[in-house]
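Here the structure comes first, spelled out in structure tokens, and everything after it is commentary.
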Amino acid sequence: MLRTRWAAFISIAALALGGCSSGEPENSASIARVRLLSAEQFSATIKDIFGQDISEQVPVSFPPFTRTSGLLSSGASSIGMTSDQIQQLQQSAVSIAAKVVDEEHRDFLVPCKPAAADAADTACATQFFTEVGRLLYRRSIEGAELPRLVEEAGLAADELKDFYAGLASVLEGVLISPEVLFITDIAEPDPDNKGQYRLDAYSLASRLSFFLWNAAPDDELLRAAESGELHTTKGRQRSVDRMLASTRLADGVRAFFDDMMGFDNFNSLAKDAIVYPMVTGATLADAREQTLLTVVDHLVAKKRDYRDLFTTRSTFMSMNLAVVYDIPTVGDGWVPYEFPAESQRDGLLTHVSFLASHAHSVRSSPTLRGKALRELFLCQIVPPPPPDVDFSLLEDAGDVPTARERLDIHASNPSCAGCHLITDPMGLALENFDGAGRYRDTENGAEIDTTGNLDGASYTDVIGLSKALRDHPALPSCLVRRVYSYATGGPVSISNDRDVLEYFNDRFEKHDYKVPDLLREIALSDAFLKVRYEAPKAATTTTASGPTQDGESSESIARVNHAPQGH
């Protein structure tokens with residue numbers, strides 16, 4: 001049965017490819033894709049359908065995604081699965097299905113009782129798979145599909161002498177079917193634009209839900225798809241506005257920023273226990289959580305300007321983090337906190353999450369921090385160092401007290417100077433914070449110089465750097481690029497998406513850089529609804545002359561983002 005479903009999936013994937021039309025640039029359309037669910041999305045689906053009890057108890061093993069154009073989620077459309085990984089998923093499915101029908105859960109999760117617990121019951125099995133199958137497949141169950149599931153459950157129930165075991169055996173197969181594990185963009189002819197294609201209603205519902213909530217469509221969204229309402233202008237606006245008003249929007253925004261900020265590196269991040277004894281695994285977990293709480297509060301709860309995230313002193317604090325931030329004990333749990341005006345803590349760059357994750361285990365790293373600033377927030381790619389870097393000048397320099405002096409020596413090597421010029425000025429402004437993110441005035445007894453320049457904007461300290469980043473023209477356009485990529489399930493193409501990105505940039509600015517408004521603009525756009533086919537292209541080579549953006553040339557990025565071409 002599993003082999004048949006995987007064969008059917010290949011056919012579905014082939015049908016998903018198509019090509020595209022009104023408020024924004026003419027013929028706006030995104031690429032039709034097939035994407036693997038993330039572990040978080042699969043867990044959210046299980047939680048929504050069967051409850052948190054089951055989603056928390058059952059470990060789910062999914063293959064890791066490759067970060068593509070700045071997002072892990074963009075790698076979901078090019079992931080491969082080994083037989084071992086499929087087997088691990090099957091083991092998880094067995095555990096989930098068993099828990100759904102066990103004596104502790106069946107009265108709540110199976111909507112009916114069989115006539116006899118030791119035999120098949122067609123009516124009860126039909127009711128169960130009609131409800132559960134629709135939510136798992138993210139569409140209605142049609143034709144012979146439902147009778148087949150019911151028949152298989154009946155055969156298993158009679159063989160095992162257990163109605164619930166029969167349900168579980170079929171549910172296990174459903175959970176690992178490609179229709180459940182993959183988000184497939186299925187295209188259909190656009191009735192209003194001959195020769196162009198749009199997502200069918202169920203694909204549109206899935207794209208909306210995973211974009212805004214990072215979870216599968218709920219019953220109300222599926223009903224809007226089933227009725228055809230989702231393909232009407234008013235109906236689609238109604239669904240999008242309902243989703244934006246839901247408390248679940250916080251989950252979606254949180255998932256996006258966790259991905260965009262590269263917080264998956266916290267899964268393996270550690271600090272030297274001798275150098276930083278106050279930094280434990282719990283501290284690092286809280287550092288990640290602090291920034292996500294700040295982002296969601298600022299952007300969703302308070303609906304403030306996205307750029308102000310980089311200058312706001314408002315955040316949240318826990319006991320674990322209070323030690324690193326050197327502030328008085330704040331009590332149990334998370335509490336709102338504002339850094340005082342005289343503090344050097346100013347925006348996301350001064351959060352422990354950013355400072356500690358872009359540093360070494362025993363010391364800070366201006367280069368890593370500057371590289372992260374450019375790549376995470378400005379969508380610029382810093383070329384990797386040459387393989388034969390010569391460290392002899394630095395090694396022969398003896399005791400050099402500060403990072404600035406060490407980097408000055410290192411950057412005197414012409415093969416290193418180009419890249420360090422585009423990373424170190426920003427990273428050095430953050431040198432008042434050690435590798436754990438603690439504040440300091442000196443390094444090895446020497447005063448720390450935090451002056452620098454970010455693409456023409458000079459500053460004397462981290463407050464100035466935060467302000468320069470906040471006002472950088474590439475900051476909001478980078479977010480637009482990332483959000484659009486996240487929404488449509490894969491990397492954008494400057495050659496095809498330039499006009500629509502400029503359109504969203506303009507709309508973002510007109511909405512005062514409010515993220516919920518940007519989400520609404522994208523969710524209601526033709527580019528989100530309509531699809532095109534695009535053959536894979538060879539990657540563009542980057543050079544060491546300056547930062548580029550996601551594989552595109554510096555020149556093309558400068559036109560899109562109105563940013564400097566290089567340094």
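Answer with yes or no whether residue 458 is among the small types (Gly, Ala, Ser), at pLDDT 90 or above and over 13 Å from residue 367 (Cβ atoms). In short, yes. Can you report the number of residues in segment 496-525 which are touching a helix residue (DSSP H, G or I) at 6+ places or on another chain (Cβ under 8 Å) and part of a helix (DSSP H, G or I)? So the answer is 19. On the stretch given as segment 355-368, residues that are under 14 Å from residue 263 (Cα atoms) and either open to solvent by 10 Å² or more (accessible area, probe 1.4 Å) or at pLDDT below 95 (or both) total 3. Cβ separations smaller than 8 Å between residues 6+ apart or across chains give the following pairs from segment 149-169 residues that are more than 17 Å from residue 106 (Cα to Cα) to residues that are surrounded by 18 or more Cβ atoms within 10 Å (Cβ to Cβ) and at pLDDT below 95: 149/141. Residues in segment 490-498 include none that are touching a Cys at 6+ places or on another chain (Cβ under 8 Å), over 25 Å from residue 313 (Cα atoms) and crowded, with 18+ Cβ neighbours inside 10 Å. With respect to (1) over 17 Å from residue 214 (Cβ atoms); (2) modelled with pLDDT under 95; (3) part of a helix (DSSP H, G or I), the lone exception for residue 63 is condition (3). Looking at segment 229-251, which of the residues that are farther than 17 Å from residue 207 by Cβ and of a type in the set (Gly, Ala, Ser) is most open to solvent (accessible area, probe 1.4 Å)? Result: 245.
Every residue, every condition in (1) open to solvent by 40 Å² or more (accessible area, probe 1.4 Å); (2) over 37 Å from the mean Cα position of the chain (by Cα); (3) of a type in the set (Asp, Glu), yes or no:
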position	(1), (2), (3)
93	no, no, no
101	no, no, no
130	yes, no, no
158	yes, yes, yes
170	no, no, no
178	no, no, no
196	no, no, no
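Scanning segment 300-333 for residues that are at pLDDT below 95 and in contact with a strand residue (DSSP E or B) (Cβ under 6 Å, 6 or more places away or on another chain) yields a total of 1.
Checking every residue in segment 283-291 against the condition of being under 23 Å from residue 514 (Cβ atoms), in contact with a strand residue (DSSP E or B) (Cβ under 7 Å, 6 or more places away or on another chain) and assigned to a helix (DSSP H, G or I) gives at least one match.
Kindly indicate whether any position in segment 397-417 is within 28 Å of the chain's Cα centre (by Cα), at pLDDT below 90, surrounded by 15 or more Cβ atoms within 10 Å (Cβ to Cβ) and over 27 Å from residue 286 (Cβ atoms). Within segment 397-417 (the criterion being within 28 Å of the chain's Cα centre (by Cα), at pLDDT below 90, surrounded by 15 or more Cβ atoms within 10 Å (Cβ to Cβ) and over 27 Å from residue 286 (Cβ atoms)), the answer is no, since none of the residues qualifies. Test residue 87 against the stated conditions and say whether it is more than 28 Å from residue 185 (Cβ to Cβ) and modelled with pLDDT under 90. Against the criterion (more than 28 Å from residue 185 (Cβ to Cβ) and modelled with pLDDT under 90), residue 87 does not qualify.
Scanning segment 478-489 for residues that are of a type in the set (Ser, Thr, Tyr) and open to solvent by less than 10 Å² (accessible area, probe 1.4 Å) returns 484, 485, 488. At least 3 residues being modelled with pLDDT of 95 or more and acidic (Asp, Glu) is the threshold, and among the helices (runs of 4 or more DSSP H) wholly inside segment 142-248 those reaching it are 145-160, 219-227.
The values are calculated or read from the model by the stated rules, or taken from the named source; none is laboratory data. What you are looking at is a predicted structure, and each value in this text was computed from that prediction instead of being measured. Ideal geometry is used to build each Cβ from the backbone, glycine not excepted, and the neighbour counts take in all protein chains shown. Ligands, DNA and RNA are stripped out before the accessible areas are found, and what is left, the full protein with its side chains, is counted by its heavy atoms. Shrake-Rupley method; radii C 1.70, N 1.55, O 1.52, S 1.80 Å.
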